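S.K.: To start, I am sharing the structure in question, which I have written as C-alpha cells.
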Amino acid sequence: MYKKAVTFIELVIVVAIVGIMTSVLLVSTSGSRTDKALEAAAREVAAMIREAQNYALTGKDAGAGCNSYVFAYTDATNSYSVNNGCNINNSYTLKNGIVFNSGVSGSFNFSAPYGACSVVLGAPENIALSKSGKTIRVCVYSSGKVIETDIGAAGCP
C-alpha cells in the first residue's frame, strides 16, 4: 500500500506560484504608491498657491511695501514658499522623493487687495512635479484659477 503524501516537486510548484503572485502584487502596489505621493504633493503645492491668493484677498499683514504675496519654487532644493517681503515667510520642501522637473524654477505673485495674479494672460504657470518617471502638474492661470492635472497630462488644459 502506498501512503498519500505531497511530493517535493508539488511543494516547489506551489511555492513558486505563491512567489509569482506576491511579486505581481508588490509591483502593482508600488506604482499606486507613487501615484498617491504625486497627487498628495500636487495638492500641497496647490494649497500653498491658494493660501497666497487668500492672503492677497484678505490683505493679511499687508502694509507699505508688503502688499504682494509671492509664490516661488525651485528645482535646486525642491522647495517652495509664500512670502510678502515683511511678516509672511512660509517655506516647504517636497517629500517622498518628489521633485520639481529639472531646470524648472519660477515665481508669481498675487497683489492685495484684489488678489490679482501676475501670471501672463493666456499662458498658465505650469508647475510639474515628478517621481519614478511619472509627472503631475499644477496649473495657475491669470484669472487665479488653480488646478491639478491628472498624472501623465502633457500640459495645462
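None of the figures in this text is laboratory data; all of them are computed from the coordinates on show. Just so you know, these numbers come straight off a predicted model, no measurement behind them. FYI the Cβ positions are ideal-geometry reconstructions off the backbone, even for glycines, and counts take in every protein chain you see.
S.K.: Exactly one of (1) part of a loop (DSSP other than H, G, I, E, B); (2) over 15 Å from Asn109 (Cα atoms) is unmet by Tyr92. Its number?
M.R.: The number of the failed condition is (1).
S.K.: Please go through the range 47-77 and give me each residue that is free of Cβ contacts under 8 Å to residues at least 40 places away in the same chain and touching a Ser or Thr at 6+ places or on another chain (Cβ under 6 Å), ordered by number.
M.R.: Val70, Ala72, Thr74, Asp75
S.K.: Continuing with this model, one more query. Hey, among the residues in the range 99-150 that are free of Cβ contacts under 8 Å to residues at least 60 places away in the same chain and among the acidic types (Asp, Glu), which one's farthest from Met48 (Cα to Cα)?
M.R.: Asp150
S.K.: I need a count of the residues in the range 99-122 that are of a type in the set (Val, Ile, Thr) and within 12 Å of Tyr73 (Cβ to Cβ).
M.R.: Let us first name the residues in the range 99-122 that are of a type in the set (Val, Ile, Thr), namely 99, 104, 119-120.
Going one step further and asking which of them are within 12 Å of Tyr73 (Cβ to Cβ), we end up with 99, 104.
Summing the residues that are of a type in the set (Val, Ile, Thr) and within 12 Å of Tyr73 (Cβ to Cβ) in the range 99-122 gives 2.
S.K.: Out of Glu44, Glu125, which single residue is among the acidic types (Asp, Glu) and either closer than 26 Å to Arg33 by Cβ or in contact with a helix residue (DSSP H, G or I) (Cβ under 6 Å, 6 or more places away or on another chain) (or both)? Quick ask: steps written out before the conclusion?
M.R.: Working: Glu125 fails: either closer than 26 Å to Arg33 by Cβ or in contact with a helix residue (DSSP H, G or I) (Cβ under 6 Å, 6 or more places away or on another chain) (or both).
Selected residue: Glu44, the only one of Glu44, Glu125 that is among the acidic types (Asp, Glu) and either closer than 26 Å to Arg33 by Cβ or in contact with a helix residue (DSSP H, G or I) (Cβ under 6 Å, 6 or more places away or on another chain) (or both).
S.K.: On the given criteria, is Ser107 in a strand (DSSP E or B), among the small types (Gly, Ala, Ser) and farther than 30 Å from Arg33 by Cβ? Show your work before the answer.
M.R.: Values: in a strand (DSSP E or B): yes; among the small types (Gly, Ala, Ser): yes; farther than 30 Å from Arg33 by Cβ: yes.
Judged against the criteria, Ser107 is a match.
S.K.: Of (1) of a type in the set (Gly, Ala, Ser); (2) within 24 Å of Ala153 (Cα to Cα); (3) touching a strand residue (DSSP E or B) at 6+ places or on another chain (Cβ under 7 Å), Ser91 satisfies all except one. Which?
M.R.: It is condition (2) that Ser91 fails.
S.K.: Still on this structure, please answer the following. Quick test of your reading of the structure: Tyr69 fulfils all but one of (1) within 25 Å of Ala153 (Cβ to Cβ); (2) of a type in the set (Phe, Trp, Tyr); (3) surrounded by 16 or more Cβ atoms within 10 Å (Cβ to Cβ). Name the failing condition by number.
M.R.: (1)
S.K.: Oh, and also: Is one or more of the residues making up the range 112-130 of a type in the set (Val, Ile, Thr), surrounded by 12 or more Cβ atoms within 10 Å (Cβ to Cβ) and under 16 Å from Ala46 (Cα atoms)?
M.R.: Step one: of the range 112-130, the residues of a type in the set (Val, Ile, Thr) are 119-120, 127.
Subsequent filtering for residues that are surrounded by 12 or more Cβ atoms within 10 Å (Cβ to Cβ) retains 119, 127.
Keeping just the survivors that are under 16 Å from Ala46 (Cα atoms) gives 119, 127.
There is at least one residue in the range 112-130 that is of a type in the set (Val, Ile, Thr), surrounded by 12 or more Cβ atoms within 10 Å (Cβ to Cβ) and under 16 Å from Ala46 (Cα atoms).
S.K.: Of everything in the range 95-115, what is aromatic (Phe, Trp, Tyr) and within 16 Å of Ile127 (Cα to Cα)? Give them in sequence order.
M.R.: Once the filter is applied, which keeps residues that are aromatic (Phe, Trp, Tyr) and within 16 Å of Ile127 (Cα to Cα), the range 95-115 yields Phe100, Phe108.
S.K.: Does Ser28 meet the test of being exposed (fewer than 13 other Cβ atoms within 10 Å of the Cβ), closer than 28 Å to Ser132 by Cβ, hydroxyl-bearing (Ser, Thr, Tyr) and in contact (Cβ under 8 Å) with a residue 12 or more places away in the chain? Please lay out each step first, then the result.
M.R.: Values: exposed (fewer than 13 other Cβ atoms within 10 Å of the Cβ): yes; closer than 28 Å to Ser132 by Cβ: yes; hydroxyl-bearing (Ser, Thr, Tyr): yes; in contact (Cβ under 8 Å) with a residue 12 or more places away in the chain: no.
Taking the combined requirement at face value, the residue does not satisfy it.
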